[in-house]
Amino acid sequence: MELHWRKSSFSADTGSCVEIAEQDGCIFLREGDDPEVVVRTTRRKLHAFLEGAKAREFDGSA
């Protein structure tokens with residue numbers, strides 16, 4: 001399976017970014033500087049996570 005990876009235009013050209021790909025209804029995420037580690041999720045779950053991050057639900061949790 002070959003994925004078409006994309007990254008934000010706000011990312012630096014250093015490879016230190018999160019990249020995203022989509023195929024067959026699944027969303028794949030990886031770090032640009034460690035591309036062997038890939039997380040698979042759904043669009044719905046990713047959307048819920050991003051909305052939580054925008055609402056600052058995870059601030060101070062790390």
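Each reported figure results from applying straightforward, stated rules to the coordinates on display, with no laboratory input. Keep in mind that what you see is a predicted model, and the values were worked out from it rather than measured. Using ideal geometry, Cβ is built from the backbone for each residue, glycine included, and neighbour counts are taken over all protein chains shown.
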- Item | Filter result (without any contact (Cβ under 8 Å) to a residue 12 or more places away in the chain and assigned to a strand (DSSP E or B)) within region 39-62 | V39
- Item | Members of region 22-33 that are surrounded by 14 or more Cβ atoms within 10 Å (Cβ to Cβ) and in a loop (DSSP other than H, G, I, E, B) | G32
- Note on the structure: Of the listed residues (E36, E19), the one being in a strand (DSSP E or B) and either surrounded by 10 or more Cβ atoms within 10 Å (Cβ to Cβ) or touching a residue at least 40 places away in the same chain (Cβ under 8 Å) (or both) is E19
- Hey, can you tell me all the residues within region 35-49 that are under 13 Å from the mean Cα position of the chain (by Cα) and under 21 Å from A12 (Cα atoms)? P35, V37, V38
- Query: Taking the condition touching a helix residue (DSSP H, G or I) at 6+ places or on another chain (Cβ under 7 Å) and surrounded by fewer than 12 Cβ atoms within 10 Å (Cβ to Cβ), does F10 pass?
  - Reply: no
- Task: Starting from region 1-14, keep only residues that are within 12 Å of R30 (Cα to Cα) and touching a residue at least 24 places away in the same chain (Cβ under 8 Å), then list their pairs with residues that are acidic (D, E) and not in a loop (DSSP other than H, G, I, E, B) whose Cβ atoms are within a distance under 9 Å, requiring at least 6 positions of separation or different chains.
- Result: L3/E22; W5/E19; K7/E19
